[in-house]
1. Report, to two decimal places, the Cα Rg of the chain normalised by 2.2 N^0.38 Å (N = number of residues).
2. Using only the alpha-carbon atoms, what does segment 20-166 span along each of its principal axes? Please give whole angstrom values in decreasing order.
3. Magnitude of the Cβ-charge dipole of segment 20-166, K/R +1 and D/E -1, about the Cα centre, nearest 20 debye?
4. Restricting the count to DSSP beta bridges whose residues both fall in the chain, what percent are antiparallel, rounded to a multiple of 5?
5. If I fit a long axis through the Cα atoms of helix 142-166 and take the longest principal axis of the Cα atoms of the chain, what angle between them do I get, 0 to 90°, rounded to 10?
6. Per 10 Å bin, what percent of the C-alpha pairs of segment 249-458 does each bin hold, from zero upward?
7. In percent, how large is the relative contact order of segment 249-458, given Cα pairs closer than 8 Å and 6 or more residues apart?
8. Relative contact order for the chain: what is it in percent, counting Cα pairs under 8 Å that are at least 6 residues apart?
Amino acid sequence: MVVTPPRRGHSGNPQHKTDDENVAGLAARKAAARLLAAVIDARTPLDGLTDNEHGHPQYKALDGRDRALVRAILVTALRHRMTIAGLLSRRLEKPLPPNATALSHILNVAAAQILFLDVPDSAAVDLAVTHAKSDPRTTRFSGLVNGVLRSLARAKPDELAPALAATSEAPQWFSQRLTAAYGADKARAILAAHRHEAPVDFTVKADPTLWAERLGGIVLPTGTVRVEKLSANVTDLPGFADGAWWVQDTAASLPARLFGDIRGQRVADLCAAPGGKTAQLILAGAGVTAVDTSKNRLARLKQNLDRLGLTAELVQTDLLDYRPAQSFDAVLLDAPCSSTGTVRRHPDVPWTKTMTDVEKLAALQRKLLAHAVTLVRPGGRIVFSNCSLDPIEGEELYRDFLATTPGVIDDPIRPGEFADVDQFLTPEGTLRTTPADMVLESPGISGLDGFFAARMRRTF
């Protein structure tokens, strides 16, 4: 079916300002479209919009069930944005007008439900039409919305699978960067992994086998306990109240281990919140100072440590202003980055970031690393890490830093030093993970976040 946008006039019932707000499910769809606009048009991170305390007013006005639905719609619409766009465009004789962004978001919200969510097609279509009629910007397109979405629902059995096979779910800048960094085949594998919801990983204090059984998961080669889908809220799971574990992607658990034996050492965890690495360092026997610029994030870190029964010195300050009285034996800098390694969990990232953002963040990381080195004693170790897939923030930054920074040498991770890490080692002795790595029995249980980590030593 081909539908052409009407040029003028109204389609459908012109009495659009009625009791539409009382239609069951409409408020959730309106919130989803509004938040999708904030992500795509204003590049606003999804987590902030859907925060239960500080999120968007339309989101906070919903009850818990509708909030969950809105988040499911948004994650799905972003995770499959290019496939949805392609299938919608086939139903249009010509592209939507450039200023028809509100209409585009209504169509995308409905299409995500029709193609990927357990929502009756009729409900998704009817609510989208009602939504279009209720908005003066889209009233005249309500007939188009109806025709396009009903055509999409009919075509789903025949068109969805081929569309998924032929489409990469990423904006052009992101696809190009992945291909440049990893080659076409690995880039395609990474983008394919992004289509799947990430499993939930737990770092446990002790006895991973026991906690895998209790949580209904498996033990990964790295010692992390992995659960494909949770049966309850994290706070309701066994072991949460007792502080037996914390949620932490297995890739994020690797950098803190690269110091080796740190029992009795003074270690700084820089940019420390939410505290997973801090907890690892404490459990490894170090005296830890956790530094973060955000008062709220540091408060969250303290709450996490309190639940785990762990203690650290907490320092709130801009890292570039931090000058402790005594140097540390080791420093971990998990630097702020583009977060492109976490797209499985945060599918908004490629749509809210640009290459300019990546370059700016790399420059900031370079400054932070230069300062971090001054905090460690001569002979002490520095581990630099972040959750970016882009070599500009990882491999390239590391090479340039070593080449231009006196008094710092590489301290490569040796094969066999950490047997379960060998599969992620580069020829330079750095660590690189991607969502396409750690392939297990099924896509839902496979993969890990994209991470880079490198180890250095200060010489004077």
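1. So the Cα radius of gyration is 1.07 times the expected 2.2 N^0.38 Å.
2. 41, 33, 30
3. 360 debye
4. Counting only bridges with both partners in the chain, antiparallel ones make up about 50 percent.
5. The angle comes out at about 50 degrees.
6. Final binned percentages: 8, 35, 40, 16, 1, 0.
7. 21 percent
8. Contact order relative to length: 14 percent.
Every number here is computed from the coordinates shown, using simple stated rules; none is lab data. All values reported here derive from a predicted model rather than from experimental measurement. A quick note on method: Cβ atoms are made from the backbone with ideal geometry, for glycine too, and the neighbour counts reach across all protein chains shown.
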